[in-house]
Amino acid sequence: MKALLIGEYRQGKLLESSYELKAFADRLGAESAMVLVGSAAEMPKFGGRLYLADVASYGEYNPDLHKKLVLEAIARENPDYIVFVHSSYGWDLAPRVAAALKAGQVSEVVGVLDGKFEVTCCNAKLRRSVAPKSARCVITIQAGAFTLQGEPQGVPQLETLEVSDTSGKVEFVGYEAAEQKEVDLTRAEVIVSAGRGVGKKENVPVIAELARALGGELGASRPVVDAGWAPHSHQVGTTGQTVSPKLYVACGISGAIQHLAGMKKADFIVAINKDKDAPIGEIADVLVVADVMQFVPALTARFAR
Amino acid sequence: MEATREIYWNVGHAVVLPMYLLTLVALAACCYGFYLRVAVYRQAKAQDRLDNPGKRLSLMARNLFGQLKVLRVSGPGIPHGLFFWGFLTLFIGTLLVMLQADLTQPLFGLVILKGTFYKFYSLVLDLAGVIALVMLFGLTLRRFLVRPEGLRITRDDYLMHLLLTAIILTGFFAEGVRIAATELRGNPGLAEWSPVGLFVAKQFAAQDDASLKQLHTLWWWGHFLMVLGLIASIPWTKFRHLFTTPANYLFTDLRPKGSIAAIDLEEEGVEQFGAEKVADLTWKDVFDSDACTSCKRCQDRCPAFNTEKPLSPMKVVQQIGEVAFGNRDASLTETVGSDALWSCTTCRACQEICPADVEQVNKILEMRRNLVLMQGEFPGEEVMVAVNNVEVNGNPFGMAYASRGDWSDGMELRTLHEDANVDILYFVGCYASFDKRNQEVARSFVKICNAAGVRVGILGKEEKCCGEPVRKLGNEYLYQMTARENVELINGYGVKRIVTTCPHCMNTLGRDYRELGLEADVEHYTVFIDRLIREGTLAVDERRFDYTYHDSCYLGRYQDIVRQPRNILHAAGGRINEMERSEKESFCCGAGGGRILAEEKLGSRINVKRVKMAEATGAPLIVSNCPFCLTMFEDGIKTGDCEGKLQARDLAEIVAQRLQPMPVPSPEGLN
Amino acid sequence: MKILVCIKQVPDMESRFRLNGEGTWYDEADLAFRMNEYDEYAVEQAVRLKEQLGGEPEITVVSIGPDRVVEAVKKALAMGADRAVHIKDDEYYRKDPWQISSALAAHAASRHYDLVFTGMQSQDRGSAQVGVTVAELLGFACATTLVGFAYEGGTITVKRELEGGSKGIVKLRLPAVVTCQLGLNTPRYPTLPNIMKAKKKEIVVQPISELLKEAELTGTAGMYPPAKRGGGIVIEGDVNDQLDRLLGILKEKTTVLRAA
């Protein structure tokens, strides 16, 4: 079984997510080769064949061009699976490749079970098991669903990848850097929120510190914003922002319905509250019964290591 | 000597003709002024406010002559009342003179003003005049010296105070010099029946006859011309309230409090919804601005105004008048402003206290309808989300509608779908169904019903939001959609009695839904429980506690229900520390008018202000009867730093904690 | 200009989902339905483009599914679409993204649309394929994950949302397909006059059999609820023990800690 992994390279960097493709191939038990529109200077630590198209000549992501390059690699490698990461690159490119091959595509795979692919549906409230019906299959994997065991290693066997017809219908113009001014919690993957239980304004930075340590954003419940302990741009709830991070840590938040409505879509919810019966316990995956100001600094310290 | 007075003494009978001619001119000016104003009222829509004329006339008579609404605020109210009665008496007195001098005496030789009657007449008029003068003086001091906050002084006010004072003074002066020239010399005993006139007369006693007559002529004509001036100025100044305010009593809204006109959504070819221009309002809405005297009683009580929001009900009413009489094509919503319009909590404190029967709330609601239905504008994105949630899942939280009845798991009650054979339908409402804190209230209520042997059922997942918050925010379309579904469902089950723990649901089902065909009786649970206690069906342990009670707007003002909750809490052992603003003067929690769905971005927090009022009573507990109020108080206690000093409870929770098991089996015939 | 907006009616995501009898899809009973949130942004953007061009463009909204999808179609009409096509299919869930795309492309084939708007994915199945596949079948240019859109003289300049919050700016010429991300605009609340007008707009119904000629390329083998959330683990006790337990659970259950 052969898998062709389509790595992603952007703005001079090989994206770490490309290694997740390898992890997926390993999980499948498939032999893998990789395709990358990148640079010989930034090669992945990958031990198989690498079809490398030089980004200097082909430029930043151009869908029609990348499609042709990938199809060229497919013609040479003849894989059973063509695997992308389900990212703004993957979900844009994969269906084009699939349509050209008239191959089935399974999107945002989170697991492999009995030779079938597991995906989530309906805000992850349900799971579906999908079986390809075509000879080849295009797969996109959920970011973070497959992690490599150990560190990536290996030196790839380079194969040059090129096409003569570089025309395309979509013209790349440029990148726009992320805005720094307003806090957009809706895109955050980790949010650590402060509720009234933190006690006073001076304690909020402690919560922010944990957010930073987890690589996330600071959120706040409404009473905290009302009291002026945090700016409104951090407010989570029906009258603030509705968020759906991978991890939501609610510190000293009781769980009023207006707040719950804003964060219950989170994949995993940890609540830290000294009240064992706080309503937030109903939707939290984990409830840590502790004093917020004691627990949070200790938790942050664990991440500093 | 005869107790009488020579009418037209000194000025002579020759004045009659010019007097009547001039009066006609003044009256004509007055009529013309009103004619012009009527044309402006009529640019707005028609509305029948003359149905049930007997009742209307009776109300007008009581409020006008009894000054009932004016007296509600006694500070300025009593002086105004006394001034009014004084001036009215003087007016009747003058009419009697005219009646005799120009009708009865010349035609029939009949003299009314003589003898004992004349003596009392003189006394009463003098007293009326001095009382009026003193009250007027007091009111003048209040307006111009004390300058109460929020009371604007306009050009009209200067005119009115000056003119009225001058009219009364010239009246007394003319009387005084007349008495000095006549009775003082010829009939001193009679003069004592005009004590004020006598007093003035004595000041001029030294003058010779000719001077007295000159002064009398001066003041007589001055008095007469100023009165004519007043009459002519009526439609053009605040004096118009002499007619417009009593007329407003006549035109009062006889519908149940809080009634709003439903928009006929089936009507073909309607392009305009809600009020954007004056023409979209009713004539009564424009007339209200003429009946309004800017007394600011509404503004004083408005929770929005008193928390630094840009809304003043008085200003809205005046602005409508300004646009109607000024630039009738101007946009009302832009003139009043979205911020002001969205700030209203529909608490009705303004209408409840208004001495001129002005209807502030519905004007705001009509303008909101325009913002939402014509412009798709909302006070904030969070409201649009909540409105969409009501559309999709029948509740503003966006919780799955199928889980609406889950709060009742493990309790002794059924959905109507399972068993429609119940004594009452408990219409739970969105908050008690989904909000954790308020679910306690729902459970408490069911426990109370169980203890009283009342078979209670709920609609469960079939229940939808009653639609009240979205209706008050202007979304008539969504309201009608959700309301009609509820009505059809409830009627379909043949429900006879509905009880609810939410005053908003109660008003909506009990009043608004009638138009849509709801048949069942609707009761608030406090009335329901009060009756159960009085009937002996429910026994409540008397366990002492101290508390203060919050009269929610939709129960106290909208429904006049203030006694029953207090009865219940008393029976439960409560000792009440009333807040200063209670019963009809209660101060809103801030969540009405659909504002429970919106974020409070302007000014200070209404709920914190109310919580502080509760804290000030010293009571450790604030008891309410509405899910919005409870939510607001829990929030306000935290934000207002009252945690540990004050707790918020719903009445149902207090009762549920004090239930006694019934010693006798539950009686039948509860229906 | 002719614009096509492809929308899907999906269940409200707050619902509790149960499986249907066969275990291949969710049971529709007790579910509230609404327009796919991503498609709302698509409809809004199409209407804004129409307004920008003085009302000249004609917007057709199309949706595949049972009769209930007409509610979502009506909302699109109330927001400003001109006419609608309902491709009736009571067993829409049996069609895979390839078949859905083929049916849509078959509809569009002879109609010469200049621009196609759709959401980047549906909230229920979430395959994020249909928009791009339709573009490939029609031979149109395509850009996905739009958070910015500008049109001028036959060329559209769009901003694509990339990971980390930065954006990629690309240009494409018509005819094109664009898929919309949340936050592209603020979908309008339909005004009442527009809701009334929408009731009179044309909705053409077509059975899917007339348009679908392709077989599926992937199939649903089964559907099941995920492993329970553990009903919420409560961790009490000594702070250090709590920390150990919590970190252990986080490592096991979430993917975000690899960054830490």
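The values are calculated or read from the model by the stated rules, or taken from the named source; none is laboratory data. Here the structure is a predicted model, which means the values were calculated and not measured. Cβ coordinates were reconstructed from backbone atoms using ideal geometry, including for glycine residues, and neighbour counts include every protein chain displayed. The protein model used for the area step is the full one, side chains on, heavy atoms only, and it has no ligands, DNA or RNA in it. Shrake-Rupley method; radii C 1.70, N 1.55, O 1.52, S 1.80 Å.
Mind checking whether some residue in segment A:99-109 is open to solvent by less than 30 Å² (accessible area, probe 1.4 Å), touching a Phe, Trp or Tyr at 6+ places or on another chain (Cβ under 8 Å), within 16 Å of A:V35 (Cα to Cα) and touching a residue at least 60 places away in the same chain (Cβ under 8 Å)? Checked against the condition, which is being open to solvent by less than 30 Å² (accessible area, probe 1.4 Å), touching a Phe, Trp or Tyr at 6+ places or on another chain (Cβ under 8 Å), within 16 Å of A:V35 (Cα to Cα) and touching a residue at least 60 places away in the same chain (Cβ under 8 Å), segment A:99-109 yields no hits at all. State all residues of segment C:243-260 that are modelled with pLDDT of 85 or more and hydrophobic (A, V, I, L, M, F, W, C); if no residue qualifies, say none. Result: C:L243, C:L246, C:L247, C:I249, C:L250. Take the conditions modelled with pLDDT under 90 and not aliphatic (A, V, I, L, M) and apply them to A:K133. Does it pass? Here the answer is no, as A:K133 does not meet what is asked.
For segment A:83-97, name all the residues that are closer than 13 Å to A:L4 by Cα and within 13 Å of chain C (Cβ to nearest Cβ). If the condition is that a residue be closer than 13 Å to A:L4 by Cα and within 13 Å of chain C (Cβ to nearest Cβ), then A:F84, A:V85, A:A94, A:V97 are the ones that fit. The set of residues in segment A:135-166 that are assigned to a strand (DSSP E or B) and of a type outside the set (A, V, I, L, M, F, W, C) comprises A:T140, A:Q157, A:E159, A:T160.
Here B:G81 meets the list (1) surrounded by fewer than 15 Cβ atoms within 10 Å (Cβ to Cβ); (2) not in a loop (DSSP other than H, G, I, E, B) almost entirely, failing just condition (1). Residues in segment B:179-187 include at least one that is acidic (D, E) and part of a helix (DSSP H, G or I). The number of residues in segment C:89-132 that are assigned to a helix (DSSP H, G or I) and of a type in the set (F, W, Y) comes to 3. Taking first residues from segment C:203-223 that are under 23 Å from C:T24 (Cβ atoms) and more than 7 Å from every other protein chain (Cβ to nearest Cβ) and partners that are open to solvent by less than 50 Å² (accessible area, probe 1.4 Å) and of a type in the set (V, I, T), the Cβ contacts under 8 Å between residues at least 6 apart in sequence or on separate chains come to C:P207/C:I87; C:I208/C:I64; C:I208/C:I87; C:L211/C:I87. Looking only at residues of segment C:138-160 that are crowded, with 22+ Cβ neighbours inside 10 Å and free of Cβ contacts under 8 Å to residues at least 24 places away in the same chain, we find that the one that is farthest from the other protein chains (Cβ to nearest Cβ) is C:V158. Would a scan of segment B:253-262 turn up a residue that is part of a helix (DSSP H, G or I) and away from every other protein chain (no Cβ under 14 Å)? Checking segment B:253-262: not a single residue is part of a helix (DSSP H, G or I) and away from every other protein chain (no Cβ under 14 Å). Say whether the condition of being facing chain C (nearest Cβ under 7 Å), among the aliphatic types (A, V, I, L, M) and either touching a residue at least 60 places away in the same chain (Cβ under 8 Å) or open to solvent by 70 Å² or more (accessible area, probe 1.4 Å) (or both) is met by at least one residue in segment A:111-131. The answer is yes, given that some residue of segment A:111-131 is facing chain C (nearest Cβ under 7 Å), among the aliphatic types (A, V, I, L, M) and either touching a residue at least 60 places away in the same chain (Cβ under 8 Å) or open to solvent by 70 Å² or more (accessible area, probe 1.4 Å) (or both).
In the set (1) at pLDDT 95 or above; (2) assigned to a strand (DSSP E or B), the condition left unmet by C:V147 is number (1).
Quick grid of which residues meet (1) farther than 22 Å from C:G183 by Cβ; (2) within 12 Å of chain C (Cβ to nearest Cβ); (3) buried (at least 21 other Cβ atoms within 10 Å of the Cβ):
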| position | (1), (2), (3) |
| --- | --- |
| B:L373 | yes, yes, yes |
| B:T415 | yes, no, no |
| B:A420 | yes, no, no |
| B:L425 | yes, no, yes |
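Restricting attention to segment B:443-472, the residues being open to solvent by less than 10 Å² (accessible area, probe 1.4 Å), under 30 Å from B:D264 (Cβ atoms) and not in a helix (DSSP H, G or I) number 5.
Checked against (1) open to solvent by 60 Å² or more (accessible area, probe 1.4 Å); (2) of a type in the set (D, E); (3) within 50 Å of the chain's Cα centre (by Cα), B:E175 passes all but condition (1). Whether any residue in segment B:281-298 is assigned to a helix (DSSP H, G or I), outside the structural domain of B:P355 (by TED's automatic domain parsing) and surrounded by fewer than 21 Cβ atoms within 10 Å (Cβ to Cβ) is what I want to check. Within segment B:281-298, not a single residue is assigned to a helix (DSSP H, G or I), outside the structural domain of B:P355 (by TED's automatic domain parsing) and surrounded by fewer than 21 Cβ atoms within 10 Å (Cβ to Cβ).
Across segment A:202-237, the number of residues qualifying as assigned to a loop (DSSP other than H, G, I, E, B), open to solvent by 50 Å² or more (accessible area, probe 1.4 Å) and over 11 Å from A:V183 (Cβ atoms) comes to 1. Annotation note: Cβ proximity below 7 Å between a residue of segment B:422-438 that is without any contact (Cβ under 8 Å) to a residue 12 or more places away in the chain and a residue that is polar (S, T, N, Q) and part of a helix (DSSP H, G or I) (sequence gap 6+ or interchain) occurs for no pair. The conditions of being within 21 Å of C:K253 (Cα to Cα) and either away from chain B (no Cβ under 11 Å) or touching a Phe, Trp or Tyr at 6+ places or on another chain (Cβ under 6 Å) (or both) are not met by A:A261. When segment A:50-68 is limited to residues that are touching a helix residue (DSSP H, G or I) at 6+ places or on another chain (Cβ under 7 Å) and more than 13 Å from chain C (Cβ to nearest Cβ), the one that is farthest from A:V173 (Cα to Cα) turns out to be A:Y51. May I ask you to verify whether B:E382 is in a helix (DSSP H, G or I), within 14 Å of chain C (Cβ to nearest Cβ) and either open to solvent by less than 40 Å² (accessible area, probe 1.4 Å) or of a type in the set (D, E) (or both)? When the stated conditions are applied, B:E382 passes them. Considering only residues in segment A:273-296 that are under 25 Å from the mean Cα position of the chain (by Cα) and β-branched (V, I, T), the one that is nearest to the other protein chains (Cβ to nearest Cβ) turns out to be A:V286. Taken over segment C:26-58, the residue count meeting the criterion of being assigned to a loop (DSSP other than H, G, I, E, B), away from chain B (no Cβ under 14 Å), touching a residue at least 12 places away in the same chain (Cβ under 8 Å) and open to solvent by 10 Å² or more (accessible area, probe 1.4 Å) is 2. Out of (1) small (G, A, S); (2) outside any helix (DSSP H, G or I); (3) touching a residue at least 40 places away in the same chain (Cβ under 8 Å), what's the single condition that is false for B:G269? Status for B:G269: all satisfied but (3). Scanning segment B:196-217 for residues that are in contact with a strand residue (DSSP E or B) (Cβ under 9 Å, 6 or more places away or on another chain) and assigned to a loop (DSSP other than H, G, I, E, B) turns up nothing.
Can you find even one residue in segment B:387-394 that is part of a loop (DSSP other than H, G, I, E, B) and crowded, with 20+ Cβ neighbours inside 10 Å? Among the residues of segment B:387-394, at least one is part of a loop (DSSP other than H, G, I, E, B) and crowded, with 20+ Cβ neighbours inside 10 Å, which makes the answer yes.
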